[in-house]
Amino acid sequence: MKASAVNPLVLLGFVIISSILLLALLAPIISPYDPDAIDVKAILLSPSTQHLMGTDGLGRDVFSRMLYGARISLMVGFVAVGISTVIGIVLGALAGFYRGWVDTIVMRVVDIMLSIPTFFLILAVIAFLTPSIWNIMIVIGLTSWMGVTRLVRAEFLSLRNREFVLAAQTLGAKDNRLIFTHLLPNSLTPIIVSSILGIASAVLIESGLSFLGLGVQAPQASWGNILTDGKEYIQFAWWLSLFPGLAILITVLGYNLLGDGLRDAYNPKSGQH
């Protein structure tokens, strides 16, 4: 078979995400200023060669804060999705493999969780906790596993009666071997796609919480709290709202393009209408 051409959506999404990851990793090297350094002589300066994205109401360099904010936003995405993916895989595998009462209990819990708007559930939980980056990651992860659970369950139900699984079972393979050697590896593609799309959602949620003052707390920089600072000066300091808004938009777009492109590449029929 001839190698298929690279999906342009995957390529574009990969370039966007790789660029943002590289900037975040190199933030200590390429950041021209300390992101938390206050300079009363440089308050609300517009973008220039000295301050590429201007300064905020405390004279802090916005470009430097954007670089460090990328680290926070991406870390929240990866850790939160890691938590939700692990929970989703475990519960989905149990429900899809054992079926019966296990499946019934797991899916009823999923239905209950899905009946509650995720963002408001997170707001309710965060209201009782000390706002911190770790609490944000854990709460987002613990309230975002339902989609992965349903996806893994559906894959296991689809594969459960395939010939290779039945053959392994006939040869005496134990349940854990069937799950981890035969079923889970064949379910990884949709799980990976779901995780990539989940990172985009986690970045949005973290930005929203930080914008509301319930996420990452000052002086630590995140795109959400930079936006919060910008709303006070939006009439004459447009850069404080424009640049973090664009960063969130481009990041979420990159993950969505990458996820959708991979889904279409592995399942061409999903892109047909």
> Roughly how many Å is it from the Cα centre of segment 31-77 to that of segment 221-265, as a whole number?
Replying inline: 15 Å
> Per-residue ellipticity at 222 nm for the chain, helices alone: DSSP H runs ≥ 4 residues times -39500 (n - 2.57), over residue total, nearest 500 deg cm²/dmol?
Replying inline: -21500 deg cm²/dmol
> Which length gain, in nm to one decimal place, applies between L212 and S19 when the Cα-Cα distance is subtracted from 0.36 nm times their residue separation?
Replying inline: 66.7 nm
>> Among Q169, I29, A218, whose Cα projects farthest towards the positive end of the dipole of the chain, with charges put on the beta-carbon of Lys, Arg (+1) and Asp, Glu (-1)?
In response: Q169
>> Based on DSSP loop calls and a cut-off of at most 13 other Cβ atoms within 10 Å, the longest stretch of the chain free of exposed chymotrypsin sites (Phe, Trp or Tyr not before Pro) is what?
In response: 1-127
>> If I stretch the segment between L123 and K41 completely, what's the gain in nm (0.36 nm per residue apart, minus their alpha carbon distance), one decimal?
In response: 25.8 nm
> For the chain, what is the accessible area per residue in Å² when the probe is 1.4 Å?
Replying inline: 53 Å²
>> With angles folded into 0 to 90 degrees, how steeply does helix 146-159 sit against the dominant principal axis of the chain? Use alpha carbons for both and round to 10.
In response: 30 degrees
> Quick one: Karplus J couplings for segment 215-232, per residue in order, coefficients 6.51, -1.76, 1.60, θ = phi - 60°, nearest Hz, x for Gly and Pro?
Replying inline: x, 5, 9, 4, x, 4, 8, 9, 4, x, 7, 5, 4, 4, 4, x, 5, 6
>> Connecting C-alpha atoms closer than 10 Å in a GNM of the chain, tell me which of S144, S18, S207 has the biggest fluctuation.
In response: S18
> If T104, T49 are ordered by their accessible area, calculated over protein heavy atoms with a 1.4 Å probe, which sequence runs from highest to lowest?
Replying inline: T49, T104
> Once you charge only the Cβ atoms, +1 for Lys and Arg and -1 for Asp and Glu, what is the size of the charge dipole of the chain about its Cα centre, to the nearest 20 debye?
Replying inline: 880 debye
> Taking only Cα atoms, what is the 0 to 90° angle, nearest 10, from helix 133-142's long axis to the longest principal axis of the chain?
Replying inline: 30 degrees
>> Can you compute the FRET efficiency between Y98 and K231 using 1/(1 + (r/R0)^6), with r the Cβ-Cβ distance and R0 = 45 Å? Round to the nearest 0.05.
In response: 0.35
>> Out of the total accessible area of the chain (probe 1.4 Å, heavy atoms of protein only), what percent is carbon and sulfur?
In response: 68 percent
> Which angle from 0 to 90°, rounded to the nearest 10, does the C-alpha axis of helix 188-211 make with the longest principal axis of the chain?
Replying inline: 30 degrees
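The values are calculated or read from the model by the stated rules, or taken from the named source; none is laboratory data. Bear in mind that the values here come from a model prediction, so they are computed numbers and not experimental data. Cβ: placed from backbone, ideal geometry, glycine included. Neighbour counts: every protein chain shown. Heads up: the accessible areas ignore ligands, DNA and RNA and are worked out on the full protein's heavy atoms, side chains in. Shrake-Rupley method; radii C 1.70, N 1.55, O 1.52, S 1.80 Å.
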